[in-house]
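Where a number appears in this text, it was derived from the coordinates with a stated rule and is not lab data. Quantities reported herein were computed from a predicted structural model and do not represent experimental measurements. Positions of Cβ are generated from backbone atoms using ideal geometry, with glycine treated the same way; all protein chains shown enter the neighbour counts.
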Amino acid sequence: MMKKEHGGNIYKKSRETGIPQDRFLDFSANINPLGLPDHIREAIIEGIDEVIHYPDPDCTLLREAIAEYEHVRPEQIVCGNGGADLLYRLTSALSPKTILLPAPSFAEYEEAGESVSARINYYRMGEDLRIHEDVLSGIDQETNLFILCNPNNPTGLLTQRELIDKILAKAEETGTTILVDECFLELCAQWEEYSVVSRLQKYRNLIILKSFTKLYAIPGLRLGYLMSQNTELIDRIAHTGQAWPVGNLAQKAGIRAMQKPEYRDTVLAVVQKELEYMKKELAKLPITLYDGMANYLFFRAPGCTDLDERLLSEGLMIRSCRNYENLGEDYYRVAVRLHEENDVLISTLQNILTGR
């Protein structure tokens, strides 16, 4: 099985083009445009001397900090080396025979399932690329795991909590485990209206995935967590994979992040302002723009199958979505960055797509 490429690979693009890494404007990775926050930087610096010790394999203090933030119990949490690590550990612990995935959605779901030889079924979204109630017919006794990304990656479109409640109720009847990936949700306006954390204590079959990567701009540290009321499953997940899944510095960063939840509002203010600006400007171009609510935007440039390569020659990286299931060659995703950087992207797209 060939590993599917993700965004943010500035190392490979630099080798291919000869453009230095620091010369790229990377719109292919959806990271907080404000960069590493000061309080996280301070926590990493303060913890640097602890790298001479093995990290706490149970992430005890980190899980306690997350539990207080999420209003759950520490034993309902397992931490991992980023969200992707936890996907593989989850499928290893569950050993599902059949997984249902919306298409398009994050490629790592499919790869994590294939790593345990699961059969992958797809709920292929229609032209609007949204999940509708007909998804319920795809959840039956043969479906061991259904993964829902909210907001969806790559579209940025949100699924209403009322529909997720129906999915959870149907899954409870069929004995299906539901994983809701909320890694991007806290970067959406009114994120609390869409989160299903409040449903954890009601549904034993519900698991929620979250990551520190996006909000705190620390993809290089690798830190995420799963939550479920099913502590037996959480314990099984904790005992899959390597013995020390989260390093000392990542644990320090995560604890400090949980102590300053108000930082999210600072990021949201910037992201939402720039998101609306980019929507307005991109809508002027000959593309089909989807009304995403996350810190990235998804569009189709009809017939333009090399847009990512043409932008790359200008030092701009965007995410081609051609390797997503149920998408064609001319679909793309761009991150929301700072205003001046967004202007560079928009003007370059204008030149390429309209000749202006």
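The table below lists the values:
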{"item": "Tensor-based shape of segment 146-234 (alpha-carbon gyration tensor, a/c under 1.5 rounded, otherwise prolate or oblate)", "result": "oblate"}
{"item": "FRET efficiency for Ile120 and Glu172, using Cβ-Cβ distance with R0 set to 30 Å, rounded to 0.05", "result": "0.85"}
{"item": "Cut-off under 5 Å, modelled amide H: who pairs with Gly292 long-range", "result": "Phe298"}
{"item": "Segment 222-356: C-alpha gyration tensor shape, a/c 1.5 cut-off, then a/b vs b/c", "result": "prolate"}
{"item": "Sequence-separation-based contact order of the chain, relative, with Cα cut under 8 Å and 6+ spacing, percent", "result": "25"}
{"item": "Cα gyration tensor shape of the chain, rounded if a/c is under 1.5, else prolate or oblate by comparing a/b with b/c", "result": "oblate"}
{"item": "Net lengthening on full extension, Leu61/Lys202 (0.36 nm per residue, minus Cα-Cα)", "result": "48.2 nm"}
{"item": "DSSP-defined antiparallel bridges as percent of all bridges, segment 144-273, nearest 5", "result": "30"}
{"item": "Gap separating the Cα centres of segment 262-277 and segment 309-354, nearest whole Å", "result": "21"}
{"item": "5 angstrom amide H check on Leu101, placed H, neighbours 5+ away", "result": "Asn121, Tyr122, Tyr123"}
{"item": "Long-range HN-HN contacts of Ala217 with modeled amide H, under 5 Å", "result": "Asn32"}
{"item": "Loop trypsin sites (Lys or Arg not before Pro), segment 52-102 (other Cβ atoms within 10 Å of the site Cβ: 15 or fewer; DSSP)", "result": "Lys97"}
{"item": "Lone cysteines, the chain (no partner Cβ under 4.7 Å)", "result": "Cys149, Cys183, Cys188, Cys304, Cys321"}
{"item": "Chain lengthening between Asp265 and Arg73 when straightened (0.36 nm per residue, less Cα-Cα)", "result": "66.6 nm"}
{"item": "Beta bridges per DSSP with both ends in the chain, % antiparallel, nearest 5", "result": "45"}
{"item": "For the chain, calculated [θ]222 nm from helices alone, where every DSSP H run of n ≥ 4 adds -39500 (n - 2.57)", "result": "-11000 deg cm²/dmol"}
{"item": "In order through segment 144-149: 3J(HN,Hα) via Karplus (6.51 cos²θ - 1.76 cosθ + 1.60), integer Hz, x for Gly, Pro", "result": "7, 8, 10, 10, 10, 9"}
{"item": "Rounded FRET efficiency, nearest 0.05, which uses the C-beta distance separating Arg130 from Ser92 and R0 of 41 Å", "result": "0.85"}
